[in-house]
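Q: Quick one: the structure is below, and I'll ask about it shortly.
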Amino acid sequence: MELFFYLVPILMIAGVLFGAGRLLLRAQRIRSAWNSGLTAPARCLRTYTTTSGGGGDTSVSTTLHHVYEFATREGRTVRFEETNGPGTILEGDTVTAYYVAERPEQATAHAPGAGKLWAGTGCFLVIACVIVVFCVGFMVAVHGMFAESGGLLP
């Protein structure tokens, strides 16, 4: 039984750390694309939305996706998909794609805004730290309860 009180917080910590790592990699990828100096006009080929959540008593979240296509300076045609872009971009619209020469498939059509990017990343990291601290504190408290009661819950 004691294992359950350690396993759940450890899994939560692992999930939060995994999410934080992915978010930091995404922020670095976008920042690299902005800083590379390479841009190209990209055409929006398709827009669509996905939903998550069950409805009813739970909230439903909708994510807007855009599929873009552009040609690199070398003439290579590249397609990439991006989430949470502006809702004002429709199929057929042209936007600026920012990309790194070595990885053009990881381009972004988000307009440069390092402050906004790092503010969002920082907010998530603060929340992640709070969750990790709470989980560690919970495990320490549970360990103390089990130690005082001789291995049984009071």
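Q: Which of the residues that make up region 53-82 are exposed (fewer than 10 other Cβ atoms within 10 Å of the Cβ) and at negative phi?
A: Within region 53-82, Gly54, Asp57, Thr58, Ser59, Ser61, Thr62, Glu74, Thr77 meet the criteria.
Q: Follow-up. Of all residues in region 96-151 being farther than 30 Å from Glu74 by Cβ and among the hydroxyl-bearing types (Ser, Thr, Tyr), which is surrounded by the most Cβ atoms within 10 Å (Cβ to Cβ)? Give the derivation first.
A: Here is the first cut: in region 96-151, the residues farther than 30 Å from Glu74 by Cβ are 115-116, 118-151.
Next, only the ones that are among the hydroxyl-bearing types (Ser, Thr, Tyr) stay: 121, 149.
Details: Thr121: 18, Ser149: 10.
Checking each candidate, the answer is Thr121.
Q: Starting from region 9-38, keep only residues that are within 15 Å of Lys116 (Cα to Cα), then list their pairs with residues that are among the β-branched types (Val, Ile, Thr) and part of a helix (DSSP H, G or I) whose Cβ atoms are within a distance under 8 Å, requiring at least 6 positions of separation or different chains.
A: Close Cβ pairs satisfying both conditions: Leu23/Thr121; Leu24/Thr121; Ala27/Thr121.
Q: Yes or no: Phe124 more than 30 Å from Val67 (Cα to Cα), in a helix (DSSP H, G or I) and in contact (Cβ under 8 Å) with a residue 24 or more places away in the chain? Spell out how you get there, then give the answer.
A: Numbers: more than 30 Å from Val67 (Cα to Cα): no; in a helix (DSSP H, G or I): yes; in contact (Cβ under 8 Å) with a residue 24 or more places away in the chain: yes.
It is false that Phe124 is more than 30 Å from Val67 (Cα to Cα), in a helix (DSSP H, G or I) and in contact (Cβ under 8 Å) with a residue 24 or more places away in the chain.
Each value in this text was obtained by applying a stated rule to the coordinates, not by laboratory testing. The structure presented is a predicted model; accordingly, all values stated were derived computationally and were not measured. When we count neighbours, we look across all protein chains shown, and the Cβ atoms used for this are built from the backbone with ideal geometry, even at glycine.
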